[in-house]
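The values are calculated or read from the model by the stated rules, or taken from the named source; none is laboratory data. Remember, it's a predicted structure, so these values are computed and weren't measured experimentally. When we count neighbours, we look across all protein chains shown, and the Cβ atoms used for this are built from the backbone with ideal geometry, even at glycine. For the accessible areas, the whole protein counts, side chains as well, though only heavy atoms, and no ligand, DNA or RNA atoms are used. Shrake-Rupley method; radii C 1.70, N 1.55, O 1.52, S 1.80 Å.
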Amino acid sequence: MAVSLLAMISKDLMNTPKIPKIVIVIGSAKDAIRYQSISKQAHTLVTINNAWRIREDWDYLVYPEDFPVENVPKEIAANQQLIVAEDFVPTQNAYGGFVYAGGTMAFTTAYWVLGKLKPDVMAFIGCDMVYPADGKQTHFYGFGAPDPLRDDVTLQSLEAKSQRLLVLAAQQNCLCVNLSDQLTSRLTFPRVSIAQLEGITNLDVEEKLHAVQVQFDASLVKGALDAETILGHYIESGRYWEHVASLSRTELAKIDALWMASQVN
């Protein structure tokens, strides 16, 4: 009887759909407040800059060197971790560096997640990088600088940088999705609702990942990556702004165009 019962339990476990490894990346746009309604379940929560303030059960907080020290949480739980430049710069470099990935924290955080946490699904909320031009509230906490919209040689096309991340993640069998319910977004990832994310299965991930993978021409993706290597705008320190004079805005725009052109379906 014990053997039969064990066999039944084993069979049930085999038939139970495996839960994908999900990491939610939370930015500071007004839409990020919806993160409060997400059931954490087994998800890993990665906050960017001030987004740790939205709720207490975050796992990682990623912030840059110029993040005001007074905005860093004074107390963190034993299971929480602060991720700073010395943590994310090497990981970013493994994916080509800041110049090609885009020098803003949404992308920096995403590549760190991709390299260190290796999720099956990376879901974004509060990272649309769309800011009102009418003087209305820009962030969930009030008003802030629209960092991704600054005049920066690495951010000439947020859509191209988004495409690059989407493709490199897919090559690693990680599906990038956008949880936003806003009308517009600079992220080019497929949209998924919070409810859909909470019920997502490995089969769902496989189907959506395949749909992403077939949208891009492998030879054109290789051409974009080769163009990056040939141009050689690699800054090991991550401080690309100290080398702006040596960076070609024109050539980087051409590479952005290659990433956009790599999507053929």
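Brief remarks on what is shown
- Listed values (i) 25, 22, 19; (ii) 32, 24, 18; (iii) 29, 24, 16 include one computed from this model; for semi-axes √(5λ) of the Cα gyration tensor in Å that value carries the label (ii).
- Taking 231, 165, 252 in turn, the Gaussian network model of the chain (Cα-Cα springs below 10 Å) assigns the largest fluctuation to 231.
- Computed in the context of the full set of protein chains, the accessible area of the chain at 1.4 Å probe radius has 56% of its extent on carbon or sulfur.
- Residue among 193, 180, 28 with the largest mean-square fluctuation in a Gaussian network model of the chain, springs linking Cα atoms under 10 Å: 193
- Taking every protein chain into account, the accessible area of the chain amounts to 50 square angstrom per residue (probe 1.4 Å).
- Helical contribution to [θ] at 222 nm, DSSP H n ≥ 4, -39,500 (n - 2.57), averaged over the chain, rounded to 500: -10500 deg cm²/dmol
- Dipole magnitude of region 22-102 about its Cα centre (Cβ charges: Lys, Arg +1; Asp, Glu -1), debye to nearest 20: 380
- Gained length - residue 91 relative to residue 226, 0.36 nm times residue gap less alpha-carbon distance: 46.6 nm
- Sorted peptide list for 210-217, 88-95, 240-247, 58-65, criterion being average Cβ within 10 angstrom, highest first: 58-65, 88-95, 210-217, 240-247
- Here the relative contact order of the chain, from alpha carbon pairs under 8 Å that lie six or more residues apart, stands at 21 percent.
- Per-pair calculated FRET efficiency, R0 = 35 Å: residue 39 and residue 214 via Cβ, rounded to 0.05: 0.65
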